1. Pairs needed: first member in region 49-65, without any contact (Cβ under 8 Å) to a residue 12 or more places away in the chain; second member anywhere, surrounded by fewer than 17 Cβ atoms within 10 Å (Cβ to Cβ); C-beta distance under 8 Å; at least 6 residues apart or different chains.
2. Filter region 133-151 down to the residues that are small (Gly, Ala, Ser) and surrounded by fewer than 23 Cβ atoms within 10 Å (Cβ to Cβ), then identify the one that is farthest from Met112 (Cα to Cα).
3. Can we say Ala70 is of a type in the set (A, V, I, L, M, F, W, C), out of contact with any helix residue (DSSP H, G or I) (no Cβ under 6 Å at 6 or more places or on another chain) and closer than 20 Å to Asp140 by Cβ?
4. Looking for something surrounded by fewer than 19 Cβ atoms within 10 Å (Cβ to Cβ), modelled with pLDDT of 95 or more, out of contact with any Ser or Thr (no Cβ under 8 Å at 6 or more places or on another chain) and outside any loop (DSSP other than H, G, I, E, B) - is there at least one such residue anywhere in region 99-111?
5. Can Arg45 be described as in contact with a strand residue (DSSP E or B) (Cβ under 7 Å, 6 or more places away or on another chain), in contact (Cβ under 8 Å) with a residue 60 or more places away in the chain and surrounded by fewer than 14 Cβ atoms within 10 Å (Cβ to Cβ)?
6. From the list Ala30, Ala84, Ala50, Ala38, pick out the single residue that is outside the structural domain of Gly144 (by TED's automatic domain parsing) and more than 27 Å from Thr133 (Cβ to Cβ).
7. Can you tell me which residues in region 78-92 are under 24 Å from Pro36 (Cβ atoms) and more than 14 Å from the chain's Cα centre (by Cα)?
8. State yes or no: is Thr118 among the β-branched types (Val, Ile, Thr) and under 17 Å from the mean Cα position of the chain (by Cα)?
Amino acid sequence: MTCRAVVLLSGRGSNFRAIVEARLPIEIAAVISNRPQAAGLDYAREHGIAAIALDHTQHPDREAFDALLADEIECHRPDLVVLAGYMRILSPAFIARFEGRLLNIHPSLLPMFPGLKTHERALAEGVKIHGCTVHFVTADLDHGPIVIQAAVPVRADDSPETLAARVLQQEHRVYPQAIRWFAEGRLAICDGRVNLKDDWASQSVFPNGM
């Protein structure tokens, strides 16, 4: 049975594009954005994928919007919900509704640098490696069982922009991989940790040259 996925995004959707281009064993049933002008919606339409805009500014509070969003997602009967640059904090009720089938990618090596401005903070702290993390979403912001991480070296002449660009390249590698594992039924969460069935050595991915 093909894994059905719904993608949530708020902007250009570069990770969404990488997922489409990876030709994964999934059916993307819909792409939903809280911003009607998000470029990711245009990309979805170009590829024949249902593109739905739900403007969060038209709703009284986070809980009301998230309830509407959750109902819309459920209409598409997803096995998996993918956050691909979805720039809103999700309410606990929403997360509970999709627990165990809600994936996010964060531009840092969690648990380091949760929240925003991760690249600026990494440079300010002087870390020597930085990267990205795919994880299952829990009610704790930017925490949850880690599926896969990728690291890049931090260079002496890096700016937040150059570091972000190098991390984004790795995001485009590891997010499709994590989704493939989910679709193949290879991810198991036990005691807050993700185990990858049949392969215990692939959950940290480092690019050549590390």
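The values are calculated or read from the model by the stated rules, or taken from the named source; none is laboratory data. Only a predicted model underlies this, so the values are computations on that prediction, with no experimental measurement involved. Reconstructed Cβ throughout: ideal geometry from the backbone, glycine too, with neighbour counts over all protein chains shown.
1. Close Cβ pairs (under 8 Å, with a partner that is surrounded by fewer than 17 Cβ atoms within 10 Å (Cβ to Cβ)) amount to His59/Leu68.
2. Of the residues in region 133-151, the ones small (Gly, Ala, Ser) are 139, 144, 150-151.
Then drop every residue that is not surrounded by fewer than 23 Cβ atoms within 10 Å (Cβ to Cβ), which leaves 139, 151.
Working: Ala139: 17, Ala151: 12 Å.
Across region 133-151, the extreme among qualifying residues is Ala139.
3. On the way: of a type in the set (A, V, I, L, M, F, W, C): yes; out of contact with any helix residue (DSSP H, G or I) (no Cβ under 6 Å at 6 or more places or on another chain): no; closer than 20 Å to Asp140 by Cβ: yes.
So Ala70 fails the test.
4. Looking through region 99-111, none of the residues is surrounded by fewer than 19 Cβ atoms within 10 Å (Cβ to Cβ), modelled with pLDDT of 95 or more, out of contact with any Ser or Thr (no Cβ under 8 Å at 6 or more places or on another chain) and outside any loop (DSSP other than H, G, I, E, B).
5. Values: in contact with a strand residue (DSSP E or B) (Cβ under 7 Å, 6 or more places away or on another chain): yes; in contact (Cβ under 8 Å) with a residue 60 or more places away in the chain: no; surrounded by fewer than 14 Cβ atoms within 10 Å (Cβ to Cβ): yes.
It is false that Arg45 is in contact with a strand residue (DSSP E or B) (Cβ under 7 Å, 6 or more places away or on another chain), in contact (Cβ under 8 Å) with a residue 60 or more places away in the chain and surrounded by fewer than 14 Cβ atoms within 10 Å (Cβ to Cβ).
6. On the way: Ala30 fails: more than 27 Å from Thr133 (Cβ to Cβ); Ala84 fails: more than 27 Å from Thr133 (Cβ to Cβ); Ala38 fails: more than 27 Å from Thr133 (Cβ to Cβ).
On inspection, the qualifying residue turns out to be Ala50.
7. Pro78, Ser91
8. Working: among the β-branched types (Val, Ile, Thr): yes; under 17 Å from the mean Cα position of the chain (by Cα): yes.
For Thr118, the condition - among the β-branched types (Val, Ile, Thr) and under 17 Å from the mean Cα position of the chain (by Cα) - is met.
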